[in-house]
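Everything on this sheet refers to the single structure shown next.
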Amino acid sequence: MSKEKAHKTALQEKEGVSKQEATSKHAISHLKKKRKEQPSTAELLEGILNGNTAALSRGITLIESYNIAHKAKANALIQSCMEHQKPSLRIGITGVPGVGKSTFIETLGTYLTTLGKKVAVLAVDPSSSLSKGSILGDKTRMDSLVKNPNAFIRPSAAGDSLGGVARHTREAITLCETAGYDVILIETVGVGQSETAVHSMVDFFLLLKIAGAGDELQGIKRGIIEMADAIVINKADGDNLTAAKLAKVEFARALHFYPTKDSGWAPKVLLCSALEKKGIEAAWNLISECISQAREKEHFTKKRQEQNRFWLLQSIENQLKDQFFQDEIISEELKIQLQLIAKNKRSPFAAAEHLLNLQKKRL
Ligand code: GDP
């Protein structure tokens, strides 16, 4: 009797289960075991290249891991993926909670798949550890895209800082591009710093808005408007249509006060109803127009190069900071210096210099 058969029979005898049950129990435990086994970098790469979404998900889980052993493997995977990366469009979508980001992504993503494109949806949501995934976490909000074989949706990892989420999302982009996704949609909440991080990893940045009660221009951080390549006013339907049209005029007027982009692109305002699937094609045409213009002026590549430079410097900064603050001796000394500062016995600058010198000596 083969080992496998003997195992099944033993399971049957031990638990008094039917042959069929034993077979399925065996299959499940086999699957569980298989899932626990860590595939090699080469296996992951092969899976990703073959469009296997399970391999893509596992690859992203690997890059999100803080386990030291996983880090080297993740770096090797990213490096090998970079050799196979295919061209894509990276689009950032931001807006306050409730504006309709998920609905918009569901509608735009589905539309893009009808054009024959493969769409990946990623998220930068550092709040997800607190809110248990305020964006993308609830995939039911994208129920048709989730089932679409040409779409891949990956929520933000929980329990990560903004720096961590942003880095992991950027690396996830590399993996998705290796898997052949043509359009990468990156969702972020329009609060805090996350939109700045997303802006620095995309080719096009779209700000979703809804018409307010006559105070359209209030409560929007100037910085976000400045970053936007387009403002799309969502929920332009039903009773809201008139207000949305008014908001469009106001935003278009406000945009005149902002300088044009380095590429020469002048941001535009559009109306849409993600729910009624109206204005989506126009939004996509606008994105395509902006990208063609950037390509003509060779700004597309230049911007990506600048973004790479930004992420290199950002990564050094983050790692130096982590090294510094995770050092036990430094953190003890930091407490002492903070007390000295509190008692006005030392200036903050002298304390900083003292701590940095201490670290230099320890390196
Ligand atoms: P998010 O928090 O920005 O991701 O927003 P959601 O996509 O979850 O949408 C929030 C609410 O607005 C949901 O109840 C949606 O059904 C609704 N919504 C989204 N888009 C539209 C739209 O175009 N028109 C209308 N009337 N409602 C919409």
Cα-based equivalent ellipsoid, region 234-363: semi-axes from gyration tensor eigenvalues, Å: 51, 22, 15
3J(HN,Hα) from dihedral phi, region 230-238, Karplus parametrisation 6.51/-1.76/1.60, rounded to Hz, x for glycine, proline: 7, 10, 10, 8, 8, 6, 7, 8, x
So for region 172-313, averaging the separation of alpha carbon pairs under 8 Å that are six or more residues apart and normalising by length, what relative contact order in percent results? 21 percent
Cα-only Debye scattering, region 308-362: base-10 log of I(q)/I(0) at q = 0.14 Å⁻¹: -0.45
Using r as the Cβ-Cβ distance of Thr260 and Leu338, and R0 as 56 Å, what FRET efficiency do you calculate, to the nearest 0.05? 0.75
Can you give me the convex hull volume of the Cα atoms of region 268-327, divided per residue and expressed in Å³? 121 Å³
For region 109-122, in residue order, the Karplus 3J(HN,Hα) values (coefficients 6.51, -1.76, 1.60; θ = phi - 60°; whole Hz; Gly and Pro = x) are x, 5, 4, 5, 5, 6, 8, x, 9, 9, 10, 10, 10, 10
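No lab work stands behind these numbers, since they all come straight from the coordinates. Note that the coordinates shown come from a computational prediction; the quantities given were computed from them, not determined experimentally. Cβ atoms come from the backbone with ideal geometry, glycine included; neighbour counts cover every protein chain shown.
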